[in-house]
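S.K.: Structure below; questions to follow.
The values are calculated or read from the model by the stated rules, or taken from the named source; none is laboratory data. Because the structure is a prediction, the values reported are computed rather than measured. With ideal geometry, Cβ positions are generated from the backbone for all residues, glycine too; neighbour counts draw on all protein chains shown. Just so you know, the surface numbers come from the protein's heavy atoms only, side chains and all, with ligands and any DNA or RNA stripped out. Shrake-Rupley method; radii C 1.70, N 1.55, O 1.52, S 1.80 Å.
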Amino acid sequence: MAKQKKEAVEKPIEVALWDAANKLRGSVEPSEYKHVVLSLVFLKFASDKFEVKRQKLIDEGKEKYIDMADFYAMDNVFYLEETSRWSFLMKKSKQNDIALVIDTALHTIEKNNKALRGALPDNYFSRLGLDGTKLASLLDTINDIDTNKDPKQDIVGKVYEYFLSKFALAEGKGKGEFYTPKSIVNLIAEMIEPYRGVIYDPACGSGGMFVQSIKFIEAHHGNKQEISIYGQEYTNTTYKLAKMNLAIRGIAGNLGEKAADTFGDDQHKDLKADYIMANPPFNQKDWRAENELTDDPRWRGYETPPKSNANYGWILNMVSKLSENGVAGFILANGALSGGGEEYKIRKQLIENDLVEAIVILPQNMFYTTGISVTLWILNKNKTARTVQMPDYTRNYRNRKQEVLFMDLRETGIPFEKKYTQFSEEDIATITSTYHLWQSSTSSDSTAIYQNVPEFCFSASLMDIVKKDYSLVPSKYIEFVNRDENIDYATKMKTLQEEMTALLKAETQSKNDLLTVFSELGYEIEL
C-alpha cells in the first residue's frame, strides 16, 4: 500500500525568516546579531513604506513633491534618500564594502528624520567585521519579506516581536534583560486597561509595554491619538531598539533625550502618568552610593529606599509619578513582599496610604533571564466608587478602600518552548475577569458576585494585613487546601502494596522468560 503523502505545513513568515536568518549567524553572539538583523528589518520596512508613498505621489500627479520629506512625514513615513533605500542596498549587496553602505544608509535616515534621532546603530556594521558573504545572504533573506502583502496585517511588527523574543531566549539567563514575555505584558494591559491618557515605563527595555498598550486600545476600539507615551531606558543599545520598535509601528513616544539611569538622571521629572507599566531589573544592588539620592523628592513621605536593593526605589519612583487617578502594574521579585528594615517601613506606609490594590504571584520559569518566581503589583491612587466609560464598555467601580486582592497563579499557565511557562488567552481572561469582578461587584448585584477561591484568590481587609504585620505574601491570606487530610492511609497503603506486588511479579516473569530463551538457543546464562 502506497504511503500517504504528508500535507506540507507552511511556516509563519516570522518563523521561516528567523530560521533562515539564524543559520547565517555563524560565530556572532546573539546580543550582537540582534542589532544586525533588527536594523536591517527596520530598513526594509521603512523603505517599503517609502516606495508606496512615493508611487502614490506620482500617481496623483505630484512628482514635484516626491523629494520633500514633509510629504512623507504627514503619513508617518520616513523620507529616504536614494542611498538609504532597500533597492540601493540590494544592488550593492555583493560588494566588499556592503557594511559601510548599510552604515551610511542608517546614518542618512537618522539625519533626515527627527523622530529617529539617536535610534539607529552608529557605524555598527563596519565595526562588527561581519563576513561579507553571510551579510549578503542575510540581506537576500530579509528581501523576501513583503511588508505590503497584506496592509491589515502588522507583518513587520510580528517579525520584530518574534525576533525580540527569540533573541532573548538565545541570550539566556543573565542577559536579555530588554524583553518581558508577551503573556505577562498582555496580562498587565488587560488588568490596568490603559485606554486614554499618559502611559509611562521607567525601565522600558525594547518598548514592549507600549506596543501592548496600543494593541489593547486597538482591540477595544479606542483612539490611539488619545494616549501619550513616555519611557526611559539605561542601556544605549536597548534604548535604540525601543526607538526602532516604536518607529516601525508608527507609535510616537518620548523616551527622553538619551539613554539614562532613571534614578540618577530622571528624564521625566515633572511627569504625571495615568498608567504605569514596568518590569524593572530584579533586586538591583548598589543602585546609589551611600550618601546619594537620600533627599530625592520621589521618596517624599517615605523612608529612603536602601542602597542594597532598588526594588522600593522603583516603587517610589512610580508612586511619585502617578496622577490623581493613576494606576501602576509592575513586576518585582518576591522578596519585596516581606523584606525588613527600610523596606518594611515603606511597604507599611504604602499600605496605610491605601495605594496597594492587588498582589498577584506568578508561576516560575516565565522569564528567559531567570527562573525565580515574581509578583505583579497593582497600585491605584483612586480606589473609591466611580464610573469610568471605556471605549466599548463601562466600568462601575465599587469602593475598595482598605482592601487588597491577593491572587496565586503558581499553578496557572501552559508550557512554552519546553522549559518555560506562559499564560494562555483563557488564563488571562480568567485572571482579569476575577480582578475586574472584585473591583466592581457588590453584594446587591443580581449578576455575578466576586467570591474568594481557595488556592486562587482572597480579598483582604486592612485589618487582615495588619494582623500579618504588613506582609504581602499571598500564601498568608489565600486559603490552602490540604488534600491529604481526608486520605485513609490503610486503604492507600493496601493499594500500593498490591501495585508493587504485581510489578515485581511481572519483573520476575520477564527475567525467567529471558533466561529460557537464551537456554533454548544453547547460550545458557548462569547467574
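S.K.: Considering only the chain, what is the antiparallel percent among its DSSP beta bridges, to the nearest 5?
M.R.: Antiparallel: roughly 60 percent of the beta bridges in the chain.
S.K.: Moving on to the next point. Return the loop-located chymotrypsin sites (Phe, Trp or Tyr not before Pro) in region 367-406 (DSSP other than H, G, I, E, B) with at most 11 other Cβ atoms within 10 Å of their own Cβ; answer none if there are none. If you can, show how the numbers build up before the last one.
M.R.: Working: sites: Phe367, Tyr368, Trp377, Tyr393, Tyr397, Phe406; in loops: Phe367, Tyr368, Tyr393.
Hits after loop and neighbour filter: Tyr393.
S.K.: Once mean projected area of the Cα convex hull in nm² is worked out from the coordinates, which option in (i) 24.5; (ii) 39.5; (iii) 49.1 does it equal?
M.R.: Derived directly from the coordinates: (ii).
S.K.: Work out how far the C-alpha atoms of region 256-387 reach from end to end along every principal axis, then list the three figures in whole Å, largest first.
M.R.: 44, 37, 33
S.K.: Going out from 0 in 5 Å bins, what whole percent of all Cα-Cα distances in region 369-440 drops into each bin?
M.R.: Cα pair-distance distribution for region 369-440, in percent: 3, 11, 19, 21, 17, 12, 9, 6, 1.
S.K.: What is the distance in Å between the Cα centres of region 31-89 and region 253-311?
M.R.: Here the two parts' Cα centres lie 38 Å apart.
S.K.: Taking a probe of 1.4 Å, how large is the accessible area per residue of the chain, in Å²? It would help to have the intermediate numbers written out before the result.
M.R.: Details: 27240 Å² over 527 residues.
Each residue of the chain exposes 52 Å² on average to a 1.4 Å probe.
S.K.: Let me ask something else about it. Rounded to whole Å and sorted largest first, list the principal axis extents of the Cα atoms in region 159-280.
M.R.: 36, 31, 24
S.K.: Let me check something: with ligands and nucleic acids excluded, how do Thr387, Thr235 order by accessible area (1.4 Å probe), largest to smallest?
M.R.: Solvent-accessible surface, decreasing: Thr387, Thr235.
S.K.: From Cα pairs below 8 angstrom and at least 6 apart in sequence, can you work out the relative contact order of region 408-527, rounded to a whole percent?
M.R.: Normalised by residue count, the contact order of region 408-527 is 15 percent.
S.K.: To continue, here is another question. Please identify every one of the GluC sites (Glu not before Pro) in region 276-358 that sits in a loop by DSSP and has no more than 13 other beta carbons within 10 Å of its own beta carbon.
M.R.: The qualifying sites are Glu290, Glu292.
S.K.: Additional query: Please report, in Å, the Rg and the Dmax of region 43-170, where both are computed over Cα atoms only.
M.R.: Considering region 43-170 through its Cα atoms, Rg and Dmax are 15.5, 49 Å.
S.K.: Continuing with the same structure: For region 281-331, which trypsin sites (Lys or Arg not before Pro) are both in a DSSP coil and crowded by at most 12 other Cβ atoms within 10 Å?
M.R.: Lys285, Arg300
S.K.: If you line up the Cα atoms of region 29-102 on their principal axes, what length do they span on each, largest first, in Å?
M.R.: Between the extreme Cα coordinates on each principal axis of region 29-102 lie 47, 24, 15 Å.
S.K.: May I pose another question? Carbon and sulfur: what percent of region 49-172's accessible surface (1.4 Å probe)?
M.R.: 48
S.K.: Kirkwood Rh, region 448-527, all Cα pairs: how many Å?
M.R.: Roughly 18.6 Å, rounded to one decimal.
S.K.: For Asn254, list long-range residues whose amide hydrogen, built 1.01 Å from N in the peptide plane, is under 5 Å from its own amide hydrogen.
M.R.: Ile229, Tyr230, Gly231
S.K.: Could you check how much of the accessible area of region 332-418 is carbon and sulfur, as a whole percent, using a 1.4 Å probe? Please report the intermediate quantities before stating the final value.
M.R.: Working: 1530 of 3530 Å².
That fraction is 43 percent.
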